[in-house]
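The values are calculated or read from the model by the stated rules, or taken from the named source; none is laboratory data. What you are looking at is a predicted structure, and each value in this text was computed from that prediction instead of being measured. So basically every Cβ, Gly included, is an ideal-geometry build from the backbone, and we count neighbours across all protein chains shown. Calculation scope for accessible area: heavy atoms of the full protein, side chains included, ligands and nucleic acids excluded. Shrake-Rupley method; radii C 1.70, N 1.55, O 1.52, S 1.80 Å.
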Amino acid sequence: MNPLKRLGRRRASVLALLAVTTLVTPAAATAAPDAVRASTLGAQAAQSGRYFGTAVAAGRLGDGTYTGILDREFNSVTPENEMKWDTIERSRGSFNFGPGDQIANRAAARGQRLRGHTLVWHQQLPSWVSSIRDANTLRGVMNNHITQVMNHYKGKVYAWDVVNEAFADGGSGQMRSSVFRDVLGTGFIEEAFRSARSADPSAKLCYNDYNIENWSDAKTQGVYRMVRDFKARGVPIDCVGLQSHFGAGGPPSSFQTTLSNFAALGVDVQITELDIAQAPTAAYANTVRACMNVARCTGITVWGIRDSDSWRSGENPLLFDRNGNKKPAYQSTLTALGGSAAAQRTGAPSPRSTAALPSSFRWSSSGALIAPKPDATHNIAGIKDPSVVYYNGKYHVFASTASSAGYNLVYLSFSDWSQAGSATHHYLDRTAIGAGYRAAPQVFYNTQQRLWYLVYQTGNASYSTNPDIGNPNGWSAPRNFYSSMPDIIKQNIGNGYWVDMWVICDSANCYLFSSDDNGHLYRSQTTVGQFPNGFTNTVIAAQDSKFAMFEASNVYKVQGSNQYLLLVEAIGSDGRRYFRSWTASSLAGSWSPLAASESNPFAKSSNVTFPAGTWTRDISHGEMIRAGYDQTLTIPACRLQYLYQGKDPNAGGDYNNLPWRLGLLTQSNSTC
Ligand code: XIL
């Protein structure tokens, strides 16, 4: 939003009619086939690409009620005790795979996944191991155990709990005392993971522990630091198992945060041993929902089938009663996985959409919720280009302030959209961000650096950081992502403007997208570790005619799928702003049209209803309400909401002085 480009903007609207003649109407996207709402836990979890598993005891496999439920409901199993050291290698060098094989072969025959549990653990460890005092001996013994066991189960185990429960309870955040730590030092975990990777490179390697579900606990932080360090140094680790043995209160309120913070390190997360005292319906539903809300939460395992099978049987913590009947928590779990109560009652499948997005959209709009609040020193005509995250019980909105004097930024927060209009506006020109041209902000939390980032345009692509999103004075002075405009942009920008910078990261890389008001979407990249430095390899990620691919691009990860969503603002044949959409399977991939035409737009006045009155015909620069707030920019697949800028259709005059307001679209054709 270069002030200089205002003239260009007005010209753009006038010339829009011309533009449409060159707009290539993309082929209709192929609609994702409707999935079926399932009536069992495993089938329902599979619809979002997850598994739902249980611990299995070999000794119960002769019980028909038990195996009936096992094979009906679960698509993953974990041997409850049969792969522990004291079963497999009770005496040195003598391996007993019988009970483990019984479970593994049974699962393989039924297409159930197998989680291997566990290779290195201080419990259920034979005394011949725990009495070793010589480091070389213990190292050899540990590595041999890992190698023999993993070799035996090669190709059968989806994920191994390589090391179990190595961290101490309490406030230390350190590893617990065990023969492994005491004799080999804290490096034993790294050593175990390296041996495991070379024994079976195709198995996922997990670290598994309990009491790491609450984000602020010292133990959680200790494990997080270890995983971060492993990822930074290239120590092989693929997943973190959170056992999730909960009391009746269920998961801590930060559980989803913990899952997504671990996931943001570039590992899968799994709920590996779930049981909840008295099995309250809400506690189970909350646990499942937290996992569903985190794309890399790949599966859930309950620690047993019936209450009578549980290691905590006195607390009745499971989903089936001792007669094998479904308990109320079963239903809330199925529902939280996305299953239907009706399907559950009748067993009949009913239509439902998958986690994938639909290929056309309908929306209902609020009225104008947020208007400028000029004060003595801020003569503001419009509030624009919002970025929003929901964090800590509040929406945090950053936006451009516009007037004929130019552009700067504003911040406001509120707990509910009904409060949005009365929130205080904090002008960021009074902070270290400073006065002058700053516009089109984008906010996210970088989980690795534990910093909030505000990305915005200043002529260059700039950013500020802040440890506390709620403190408007905490932002650092602007820094630039590039030393100057990348050559490829110089070569293609024509009479356009370099605008609307947007950062999104996957587990390996961060990407910086930007537009040129001349039909090009650019993409640069750096590694997650180097971010915010090192943006290079700038390429044209997508292009079309000038007005068909104008500006204000957003890129998101769609929760529970491998889809990314691209939105770009276009100018329609009526001269009004609207959004087109594309999807890709990777951030550096090529974009296929989703709802990408004027007749099938992502969001345009033609597919939006205005129950409170049509206050705008432009659906312009905005941002989706995300499922989280981190650098992965994950959005839900269902019931999308989009905060956008609109304006009185009759307003005209100086572009910078237009009366832009913010409103909220809610998807009205969501089928899930
Ligand atoms: C438990 C089993 O359920 C019991 O049958 C056994 O007697 C003890 O171990 N954390 C773990 C699991 O990683 O292996 C434990 O399983 C429960 C706690």
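A simple charge model with +1 on the Cβ of Lys and Arg, -1 on the Cβ of Asp and Glu and nothing else charged puts the dipole of the chain at about 780 debye relative to its Cα centre. Carbon-plus-sulfur accessible fraction, the stretch 32-179 (probe radius 1.4 Å, protein heavy atoms only): 45%. Taking a ≥ b ≥ c as the square roots of the Cα gyration tensor eigenvalues, with a/c under 1.5 meaning rounded and otherwise prolate when a/b beats b/c, else oblate, which class fits the chain? Here the chain falls in the prolate category.
A protection proxy built from the mean count of other Cβ atoms within 10 Å ranks the segments 432-443, 475-486, most packed first, as 432-443, 475-486. For the stretch 361-414, carbon and sulfur atoms together expose 48% of the accessible surface, with a 1.4 angstrom probe and every protein chain in place. Dividing the Cα radius of gyration of the stretch 188-277 by 2.2 N^0.38 Å, with N the residue count, gives 1.09. Taking all protein chains together and rolling a 1.4 Å probe, ASP86 ends up with roughly 30 Å² accessible. How high is the relative contact order of the stretch 495-645, given as a whole-number percent (alpha carbon pairs under 8 Å, six or more residues apart)? Result for the stretch 495-645 is 17 percent.
Only lysines eight or more places from LYS156 in sequence, or on another chain, were considered; those with a Cα closer than 24 Å are LYS84, LYS204. Take each peptide in 608-620, 568-580, 647-659, count the other Cβ atoms within 10 Å of every residue, and average; sorted highest first, the result is 568-580, 608-620, 647-659.
Report note on the peptides 119-129, 88-98: ranked by the mean count of other C-beta atoms within 10 Å, highest first, their order is 119-129, 88-98.
Label sites at ARG194 and ASN537, each approximated as a point 7 angstrom past Cα along Cα to Cβ, lie 2.8 nm apart. Between ASP169 and THR147, residue separation times 0.36 nm minus the direct Cα-Cα distance comes to 5.0 nm.
When only C-alpha pairs under 8 Å and at least 6 residues apart count, what is the relative contact order of the chain, in percent? Relative contact order, the chain: 14 percent. Taking 0.36 nm per residue of sequence separation and removing the Cα-Cα distance, the SER484/GLN530 pair yields an extension gain of 14.7 nm. Suppose each label sits 7 Å from its Cα in the direction of the beta carbon; what would the SER313-SER606 distance come out to in nanometres? Once both label points are built, they end up 6.6 nm from each other.
Ligands, DNA and RNA aside, ILE625 has an accessible area near 20 Å² when probed at 1.4 Å. Before I look further, what does the stretch 629-671 give for accessible area per residue, probe 1.4 Å, in whole square angstrom? On a per-residue basis, the stretch 629-671 sits at 32 Å². With each label modelled as a point 7 angstrom along the Cα→C-beta vector, the SER216-ARG362 pair spans 4.5 nm. Over the stretch 508-623, accessible surface divided per residue gives 28 Å², non-protein components excluded, 1.4 Å probe. Given a 1.4 Å probe and every protein chain left where it sits, what share in percent of the accessible area of the stretch 239-296 is carbon and sulfur? Summing carbon and sulfur atoms, their accessible area is 47 percent of the total for the stretch 239-296. Calculated FRET efficiency, ALA371 to SER592, Cβ-Cβ distance, R0 = 51 Å: about 0.85 to the nearest 0.05. Accessible surface area normalised per residue over the stretch 60-183 is 40 Å², counting heavy atoms of protein chains with a 1.4 Å rolling probe.
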